[in-house]
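The values are calculated or read from the model by the stated rules, or taken from the named source; none is laboratory data. Every value quoted in this text rests on a predicted model; they were computed, and no experiment measured them. Using ideal geometry, Cβ is built from the backbone for each residue, glycine included, and neighbour counts are taken over all protein chains shown. Ligands, DNA and RNA are stripped out before the accessible areas are found, and what is left, the full protein with its side chains, is counted by its heavy atoms. Shrake-Rupley method; radii C 1.70, N 1.55, O 1.52, S 1.80 Å.
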Amino acid sequence: MAQEIELKFIVEKDSVDALRQHLNTLSGEHHEPVQLLNIYYETPDNWLRNHDMGLRIRGANGRYEMTMKIAGRVVGGLHQRPEYNIDISKPELELERFPAEVWPEGELPATLAGQVQPLFSTDFAREKWLVTEGKSRIEIALDLGEVKAGEFQEPICELELELLEGDASDVLKLARKLVSQPGLRQGSLSKAARGYHLAAGNAPRALRETPILRVVPKSSIEQGMEAALELALSQWQYHEELWARNVKNARKQVLAAIGLVRHTLTLFGGIVPRKASAHLRDLLTQTETLLLSDVSAQTALYSPQNAAAKLALTEFLVTRGWRAFLDAKAQTKIADNFKRFADIHLSRHAAELRTTFAHPLGDQYGDQLPRLARNIDSMLLLSGAYEGVKAQAWLENWQGLKHAIETRQQIEIEHFRNEAISQDPYWLHSGKR
């Protein structure tokens, strides 16, 4: 078993030659392109996918390798997950050769071998550079080709930085150097994820509203903050992918996701000092300024500003960059119970909203949209410990008010305002039951 740690980027196709030239200037070992054919397998009921497992056979130069990847952590395109690689003599599965620890129940399911079938394939040329960064050995791979599933296919134009030995922080350090020039977009969609989507019929990808954040029971405040930032980054990358595919209103959702990052930092600002995120917030501002300008989607998405901001957020999460700024008192606070923190802050945000919208505002509603959006975001991040139906119903009135203000529907504005300010809270210690 190996622990795969790699960072993925989508490469803008017109920037491939410039990127290759830049990579050739790095002091390291260069390997000419090798054609790799990968067949991915699945059962009719997606048993592997449902267990967060990925099974493939890779062939190159007459040699074959069977690989199983199992559940890990993905943050902003940085993949950290165990994988098992076994050399095989021909392109046929030998599932019994995987160790027992691979399987959820500790042994190979009796019927699995008879159920798995090829689902999709990837065929690409991989050009590699082996470089040293810090005390780490890192493989840089440029992949050019396509992923296919039945009648559907889409191009592969990716750069992967894989840690061979050393520390993950060096992968991020090397990435910061590479994104200083345009042409790279940090991507979280793996080749397998794209293959599964094609195999399922390649349905259009729809905009995704920010859901109520769900946290594990008895989470600490720090765990709640991490989960909130990961959700915001996921929303950012998901809608960025849609924007790249020309989905209407995707840019608006990208900006909303960046706003969610800011709101998260503000929400936990009573514990984590602003200086901990000063560099990150500066990069977010630069990115927002660019996205709000009249540049094309391609220019914005593959810009150094956008890449640097997402990479900084990824690094903030992976290295827990806030910890170095916490004094002893803050360390104690951030280890406290997240649900208790949520109780207190839900009451504060609800009180702010009720005070702001206690009376009709005439033509001044638009002035309160930023405040309303900030409070809705905060409450989405705080409501996961409560009964989902009640929390969702409570939030929908405020979301309805926001939409009515944005679309200037005066009758709807007053309807949702009255509903929102009169509803009972669903959380504890609210002072109103």
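Out of (1) surrounded by fewer than 16 Cβ atoms within 10 Å (Cβ to Cβ); (2) without any contact (Cβ under 8 Å) to a residue 12 or more places away in the chain, what's the single condition that is false for residue 197?
With respect to (1) surrounded by fewer than 16 Cβ atoms within 10 Å (Cβ to Cβ); (2) without any contact (Cβ under 8 Å) to a residue 12 or more places away in the chain, residue 197 is out only on (1).
In this structure, does residue 108 turn out to be more than 24 Å from residue 168 (Cα to Cα), touching a residue at least 60 places away in the same chain (Cβ under 8 Å) and either within 31 Å of the chain's Cα centre (by Cα) or in a loop (DSSP other than H, G, I, E, B) (or both)? Walk me through it before giving the result.
Working: more than 24 Å from residue 168 (Cα to Cα): yes; touching a residue at least 60 places away in the same chain (Cβ under 8 Å): no; either within 31 Å of the chain's Cα centre (by Cα) or in a loop (DSSP other than H, G, I, E, B) (or both): yes.
So residue 108 fails the test.
Could you list all residues from segment 282-326 that are within 20 Å of the chain's Cα centre (by Cα), of a type outside the set (Phe, Trp, Tyr) and not in a helix (DSSP H, G or I)?
303, 319, 320, 321, listed by residue number.
Filter segment 404-422 down to residues that are crowded, with 17+ Cβ neighbours inside 10 Å and closer than 16 Å to residue 358 by Cα, then give me how many there are.
Within segment 404-422, the subset crowded, with 17+ Cβ neighbours inside 10 Å is 404-405, 413, 416-417, 420-421.
Adding the requirement that they be closer than 16 Å to residue 358 by Cα leaves 405, 413, 416-417, 420-421.
Matching residues across segment 404-422 total 6.
Any residue in segment 25-43 that's under 24 Å from residue 62 (Cα atoms): show its pairings with residues that are of a type in the set (Ser, Thr, Tyr) and at pLDDT 95 or above at Cβ separation under 7 Å, as long as the two are six or more apart or on different chains.
Sorted first by the residue in segment 25-43, then by its partner, the pairs are 37/121; 38/121; 38/122; 39/121; 40/121.
Within the group 95, 55, 26, which residue is at pLDDT 95 or above and more than 30 Å from residue 231 (Cβ to Cβ)? Write out each step before concluding.
Working: 55 fails: more than 30 Å from residue 231 (Cβ to Cβ); 26 fails: at pLDDT 95 or above.
Exactly one residue qualifies, and that residue is 95.
For residues in segment 46-71 being part of a strand (DSSP E or B) and charged (D, E, K, R), which is farthest from residue 117 (Cα to Cα)? Steps first, please.
To start, the set of residues in segment 46-71 that are part of a strand (DSSP E or B) comprises 54-60, 63-69.
Within this subset, residues satisfying the condition of being charged (D, E, K, R) are 56, 58, 63, 65, 69.
Numbers: 56: 11, 58: 15, 63: 21, 65: 17, 69: 17 Å.
Among those that are part of a strand (DSSP E or B) and charged (D, E, K, R), it is 63.
Checking the condition open to solvent by 30 Å² or more (accessible area, probe 1.4 Å), in a helix (DSSP H, G or I) and of a type in the set (A, V, I, L, M, F, W, C), which residue from 380, 401, 369, 395 passes? Steps first, please.
Values: 380 fails: open to solvent by 30 Å² or more (accessible area, probe 1.4 Å); 401 fails: open to solvent by 30 Å² or more (accessible area, probe 1.4 Å); 395 fails: open to solvent by 30 Å² or more (accessible area, probe 1.4 Å).
The unique qualifying residue is 369.
Condition (residue is basic (Lys, Arg), outside any loop (DSSP other than H, G, I, E, B) and buried (at least 18 other Cβ atoms within 10 Å of the Cβ)) applied to segment 127-149: is it met by at least one residue?
Taking segment 127-149 as the starting set, the residues that turn out to be basic (Lys, Arg) are 128, 135, 137, 148.
In the following step, the residues that additionally are outside any loop (DSSP other than H, G, I, E, B) were identified as 128, 137, 148.
Applying the additional criterion that residues be buried (at least 18 other Cβ atoms within 10 Å of the Cβ) yields 128.
Looking through segment 127-149, at least one residue is basic (Lys, Arg), outside any loop (DSSP other than H, G, I, E, B) and buried (at least 18 other Cβ atoms within 10 Å of the Cβ).
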